[in-house]
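Coordinate-derived values only; no laboratory data. Quick caveat, the model's predicted, so the values are computed rather than measured. Cβ: placed from backbone, ideal geometry, glycine included. Neighbour counts: every protein chain shown.
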Amino acid sequence: MLKIDNLHARVEGDAGVVEILKGLSLGVPAGEVHAIMGPNGSGKSTLSHIIAGRDDYEVTAGSVNLSGEEILDLDPNERAAKGVFLSFQHPMEIPGVATMNFIRTALNAQRKARGEAEVSAADFLRLIREKTKLVGLTDEKLKRPFNVGFSGGEKKRMEMLQMAIFEPRFCIMDETDSGLDIDALKMVGDVVNSLRGPDRGFLVITHYQRLLEHIRPDHVHVLAGGRIVKSGGPELAAELEKSGYDQFIEAA
C-alpha cells in the first residue's frame with residue numbers, strides 16, 4: 001500500500017535550512033493501521049505533509065510509493081484523487097464557502113479525476129446526513145461557512161466527516177486526538193473502525209496511547225531524530241506512555 005524508502009527532507013526557516021527527515025523508511029501494507037509516536041520536533045507532521053503533497057518541504061532523497069506508484073511528483077489534488085487523505089492537526093476555516101458545497105465539490109472533483117460519475121445533489125444530501133450522525137455534527141453546522149465558528153473539537157469532527165464521505169484508500173491522521181474529549185475520541189475510533197478493510201491503510205500520528213485504545217493499531221513506530229528508531233506491536237504504545245521518549249531521543 002504505502003512504502004517510504006530512505007526519505008530525506010528539509011525546510012527553510014528563520015535560522016536557515018533545517019534537515020528534518022534523515023533517512024526515514026516505513027511500510028504500511030493494505031488492510032493495516034500503523035501508529036507513529038514520537039517527541040515534538042521529531043518529524044511526524046513533516047512526514048504527513050510530505051505524503052499529502054505540501055510544498056513547504058524540499059525532499060532531497062528517497063521515495064514515497066502508493067500501491068506501486070511514485071507520488072512525490074504528483075500535485076496534492078492528484079494525490080487526493082489517488083486516494084490520499086490527510087486529517088489536519090489544525091483544520092483551517094474558509095469564510096464565505098458553504099460547508100455542503102465545499103465537501104460536495106471536493107468529492108466530485110476526486111470522482112471526476114478517477115473517471116467516476118459525479119454524485120447528484122439528492123444522493124449527496126442523503127450521504128452527508130448519514131455520515132453526520134456518525135460524527136455527531138448537527139445539520140445547523142453544515143449550513144455554516146466551512147469550519148467558521150467551530151470549536152477545535154467540532155473541526156476535528158468535520159475532518160472525520162470528510163474522511164467518512166470520501167472513503168480514501170490511504171488515511172493519514174496528524175494528531176487528530178489533540179484537544180478531544182472522551183466522547184470525541186470514541187467518535188474518531190468509530191469512524192476509523194468503520195472504514196477498516198483489506199484495501200485501505202491508515203497512518204495514525206499521535207503523542208498518546210489514549211486514541212490507540214479506540215483504534216487498535218497493527219504496528220506502532222517511534223519516530224525520533226528524523227527516522228524510525230523502533231517498531232513493535234500495540235504494546236509499544238503502553239511502554240511509551242510509561243517510560244517516555246528520552247531513551248529514543250538519545251539513541252537518535
Listed by chain and number, the lysines with an alpha carbon less than 29 angstrom from that of residue 112, same-chain partners under 8 positions apart left out, are 3, 82, 131, 133, 141, 143, 155, 156
Taking only Cα atoms of the chain, the Rg to Rh ratio with Kirkwood Rh works out at 0.96
Highest mean packing first, using Cβ neighbours within 10 angstrom, the peptides 133-139, 109-115 sort as 133-139, 109-115
As a percent rounded to 5, the proportion of antiparallel DSSP bridges among beta bridges in segment 2-251 is 60
Label model pair residue 178, residue 140: point-to-point distance (7 angstrom along the Cα→beta-carbon line) in nm is 2.8
With 0.36 nm assigned to each residue of separation and the Cα-Cα distance removed, residue 14 to residue 167 gains 51.2 nm
Whole-Hz Karplus couplings 3J(HN,Hα) for segment 102-118, θ = phi - 60° and coefficients 6.51, -1.76, 1.60, Gly and Pro as x, run 4, 5, 5, 4, 5, 4, 6, 5, 5, 5, 5, 5, 8, x, 9, 6, 6
What helix-only [θ] at 222 nm does the chain give? Using -39500 (n - 2.57) per DSSP H run of at least 4, over all residues, to the nearest 500, the answer is -11000 deg cm²/dmol
For the chain, whose charge dipole is built from +1 on Lys and Arg Cβ atoms and -1 on Asp and Glu Cβ atoms, the candidate among 198, 66, 26 with its Cα farthest towards the positive end is 198
A correct Karplus calculation of ³J(HN,Hα) over segment 159-164, with 6.51 cos²θ - 1.76 cosθ + 1.60, θ = phi - 60°, whole Hz and x for Gly and Pro, returns 4, 5, 4, 5, 5, 5
Computed over the chain: longest principal axis from alpha-carbon atoms vs helix 121-135 long axis, angle to nearest 10 degrees, is 50
Which residues qualify? For residue 67, with a placed amide H closer than 5 Å and at least 5 residues away or on another chain, they are 2, 3
